[in-house]
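Enquirer: Have a look at this one before I ask anything.
Since every read-out is calculated from the coordinates, none of them should be taken as a lab result. Computed from a predicted model, the values in this text were never measured in an experiment. Neighbour counts are summed over all protein chains in view; Cβ atoms, including those assigned to glycine, are modelled from backbone coordinates with ideal geometry.
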Amino acid sequence: MKIGYIRVSTEEQNTARQEVLLRELGVDEVFIDKASGKSTDRPELRRMMEYVRKGDTVIVESISRFARNTRDLLDLVEQLTAKEVEFVSKKEAIDTTTPTGKFMLTVFAAVAELEREYILQRQREGIAIAKQQGKYTGRKPLPVPDNFGEVVSKWKRGEITAREAMRRTGLKANTFYRRAN
């Protein structure tokens, strides 16, 4: 069975291009994540890894859609190999059924990780320059809700729970506790 895996980084991004490719390749089942590739803790990736069986082939449009760093890629492919599942990346023309494909997988994974590190480095450098020029001041702090003092007093007296206090102020836990102390 041919299993397709698609990933885009955000909800707003479109999966159509990847879906068309996988449909053209005759994929039987498709799993789609709309989440960052920084982690392999993605719901549809986990589902797919549980779903695949001996003899299946997992097909992705590109290595970067499957994993963002060499370690994650190699771990995922190792898990697939242990289940006797093949891995194919169309963009890089990698097929783990061959020794050359396995070697190329390792090389391309290292290059993809290097590219990601360069992007992050350029981003950090750009932010540093913008800060020096006074153009980047970071995220604006949330305004303090009008009822904050009253709600915190009730919470500290034990009249309401912390969860209720956060609901009433509209703040998340970290922000609430930081401001309440």
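Enquirer: With Cα Rg over 2.2 N^0.38 Å as the read-out, I listed (i) 1.44; (ii) 1.98; (iii) 1.03; which label goes with the value calculated from this structure?
Expert: The value computed from this structure is option (i).
Enquirer: Please arrange Met48, Met104 by counting, for each residue, the other beta carbons lying within 10 Å of its beta carbon, fewest first. Mind showing how you got there, number by number?
Expert: Numbers: Met48 23, Met104 17.
Listing Met48, Met104 from fewest to most nearby Cβ atoms yields Met104, Met48.
Enquirer: Now, a different point. What whole-number distance in Å separates the alpha-carbon centres of the stretch 97-124 and the stretch 27-59?
Expert: 20
Enquirer: Kindly put Tyr51, Tyr118 in sequence by how many other C-beta atoms sit within 10 Å of each C-beta, fewest to most. Walk me through the numbers before you get to the answer.
Expert: Values: Tyr51 14, Tyr118 10.
Lowest to highest Cβ neighbour count: Tyr118, Tyr51.
Enquirer: Add +1 for every Lys or Arg and -1 for every Asp or Glu among the other residues with Cβ under 9 Å from the Cβ of Gly37, and state the total.
Expert: Spelling it out: positives minus negatives among the neighbours equals +4.
Enquirer: Another one. Excluding residues fewer than 8 places away in the same chain, name every one of the lysines whose C-alpha is closer than 21 Å to that of Lys156.
Expert: Lys172
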